[in-house]
Every structure is written in structure tokens, then in C-alpha cells.
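Here the structure comes first, spelled out in C-alpha cells, and everything after it is commentary.
The values are calculated or read from the model by the stated rules, or taken from the named source; none is laboratory data. These figures come from a predicted structure and were not determined experimentally. Positions of Cβ are generated from backbone atoms using ideal geometry, with glycine treated the same way; all protein chains shown enter the neighbour counts. Note: areas computed on protein heavy atoms with side chains; ligands, DNA, RNA excluded. Shrake-Rupley method; radii C 1.70, N 1.55, O 1.52, S 1.80 Å.
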Amino acid sequence: MNVELSDYDVAWPGLYERERSRVLGVLPGAELEHIGSTSVPGLCAKPVIDLLLVVEDPDDEAAYVPALESAGYWVQVRETDWHLHRIFKGPDTNVNLHVFGRGCAQVRRHLLFRDWLRANDGDRELYARTKRELAAREWERVQDYARAKSAVVLEILARAYVGSRLPSDVEYVTPSQVGNVRITLEEHNPEWAAWYAKQEARIRGALGDRVLRLEHVGSTSVPGLAAKPLIDIVLVVPDSGDEDAYVPALVAAGYYLRLREPGWYAHRLLKDHGPEVNLHVYSPACEDVERMLVFRDLLRGDEAARAEYEAVKRDLATRTWERGQDYADAKTRVVERLILRGLESAEVRTCAGTPRG
């Protein structure tokens, strides 16, 4: 098959608004965005309008599928093992409606890519040039063309994530060491899993059913990866901003509140020593939780990614830092690139839906 690209058409935003009205007519107040190349002024594209719809739970199709069907949309693809993604075709077949859940990292990935291309001429031209070069070839399937773009997409996205980080509004509750900070890496210790297990029992004992999710993340959760001997844990509670609901119980269990980041997904960090523990607390449907887990799982399963990350860590650990956070920030580019690789390469089971008669 051949991929046919069109120069940017000023009619595309109007086509999006038409579909937006159609969807909001049956799902009032829905979170809906124009994504894909037709959403970027000046960018060549296949003449297909891509929409992104955010729902609470894509698996709960009864909550949104009948409404969309009444507006003429029908399920074309279900990717239940890939971010619970659904694709609907619209009454106009040149419309794709993508459905993701609230808090899914793919939502921000699409919006960030769109906004970055809108604002950065150089990357917009790089992407356009890549698309045109690939469109000049013949492809077995359109998915093969999409995969061929992935290297440049990930390159652009890595720059976008580094250049568009959420604002930092850290409030330190307890002070930390500043100046002459050295990072000590150790070879992976199988005992780290047992350290985490003890912390898990301790947290569950303190909070009971207030624990919605608890995971071992960070380098100590990855067999074969050198790491600081520090156990990073993700805890999801009903509302991380409601500190009275969980912080006193965790303090009674021996942790202490280290910092608050209201603008970074309402993140709270609690700590303990012996062993060193970072307990990251978030609310449900949080993109940052998914990104941490994707990163962990990629490093566990991809030896090349693990080696690449460890090489960067070892190089940075030879330096002296003003703060420990500066060392973490210096890893941002490689971390973002690997997270993006993990987000795109997750195992996918695709089930085609039944088209309209």
C-alpha cells in the first residue's frame, strides 16, 4: 500500500469542531481533544481527523459506547492490553476517535507531542521530512509506516518531555543535605526484594484498606541493575492531598513526611532510614504512577535498556552534586527516552470490533 500525505488544510480544524459537536451532543462535558498531524498547523498529514476522548474506565463500555453509537460511531479496534485503548470510526470514515482512561500516560504523550510540534518549527520540519521520506515507499500495512516513524517520534518526544516539565513547587517539610553530595551505587542485591516486602507489610498494617495500590519501583526493583541501596515505593491512596487520612498513621509506623509537590500530581514523599526508603504517595488515575511502572517493567525485561541506563548512572555517580535531586535530574533525558520506549512497546492484544452493517 501507499501512504498519501496532503499539505496542511485549513479546513481540518473545522472538521474537528464538527466531530467535537457530534460527540459532545451525546456525551456532554466529555474531555475531547484534536490530536495527530491534522491538529498541527503547517504539518503535512494523511487527511484523517484524530480525536482523543478521555473516559473514567475504557473497559466500562456501557458508560460511553451506546452514546457514541447513537452518534454514528462504531468500535473498530480494542487494545485491552495496551493502555485499554479503543479506536472508533466516525460516520465520516476519515475520522478516528481514540479512547483512553483518565490518568493514562498516553493522554499527555499525545497532547505534548501536538503542542510541541505546534510551537517548535525545527521539530515540526523534522517530522514532516521524515513522514514524506517514508510515504515515498510502499508498505505492507499502514501500521508498518507508523512503526517506521517511531524513532523520530521518540526523539522529538524526549525533547518535549525534558522541555515541558510540570512546574516545580516543592515544599520541604524536613531539610536535606546540600552540597558535596556523592552517589554510591552497589551491585544488585537480592535482599532488596525482602527489604521491600517488609516495608509493604508495614505500610499495609498502618493503612489497611486505604492502600489502593502499592508497588516496588526504582532501580532496586530491577534484578541485575546497579543502584543506590534505597527502596522506592509507590503508594496510591484515595486522595494524596488529604494528608490527615494517611500521614499520621505512617508517621506512627516510623516514616516522616519529607516534602510536598502540589503541582506534580499532588505528590507527597515520606522517608525512613535503615534501610533507606522513599515512599511516593499519589492519588488514583495518576500518569506518574503508570510511567514509573512502565519504566520498571521495561528495565526488568530489556537487557539493552537496562545496560544503557546503568551506564548513564555510573557516569553520573562519578561526579559530586549540590543535591541528590540534581543527580536524578541529570538522568531525565535517558529516563524519558526509555519510558517512551516502554509506553510504545508494551504487549498488545488487538481485537477488531464488529463494524456497522
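Descriptive notes on the structure:
- Residue among V65, V75 that is open to solvent by less than 30 Å² (accessible area, probe 1.4 Å), over 26 Å from A119 (Cα atoms) and without any contact (Cβ under 8 Å) to a residue 24 or more places away in the chain: V65
- Any hit, region 9-30, residues being in a strand (DSSP E or B) and of a type outside the set (K, R): no
- Selection status of D144, surrounded by 17 or more Cβ atoms within 10 Å (Cβ to Cβ) and charged (D, E, K, R): no
- In region 93-121, of all residues being of a type in the set (A, V, I, L, M) and not in a helix (DSSP H, G or I), the one that is farthest from V75 (Cα to Cα) corresponds to V95.
- For region 78-104, a residue qualifies if it is surrounded by fewer than 16 Cβ atoms within 10 Å (Cβ to Cβ) and over 29 Å from D288 (Cα atoms), and the qualifying residues are P91, D92, T93, N94.
- Selected residue [modelled with pLDDT of 95 or more and open to solvent by 30 Å² or more (accessible area, probe 1.4 Å)] from Y256, Y246: Y256
- Some residue of region 300-314 being in contact (Cβ under 8 Å) with a residue 12 or more places away in the chain, of a type outside the set (S, T, N, Q), under 23 Å from A158 (Cβ atoms) and in contact with a Pro (Cβ under 8 Å, 6 or more places away or on another chain): yes
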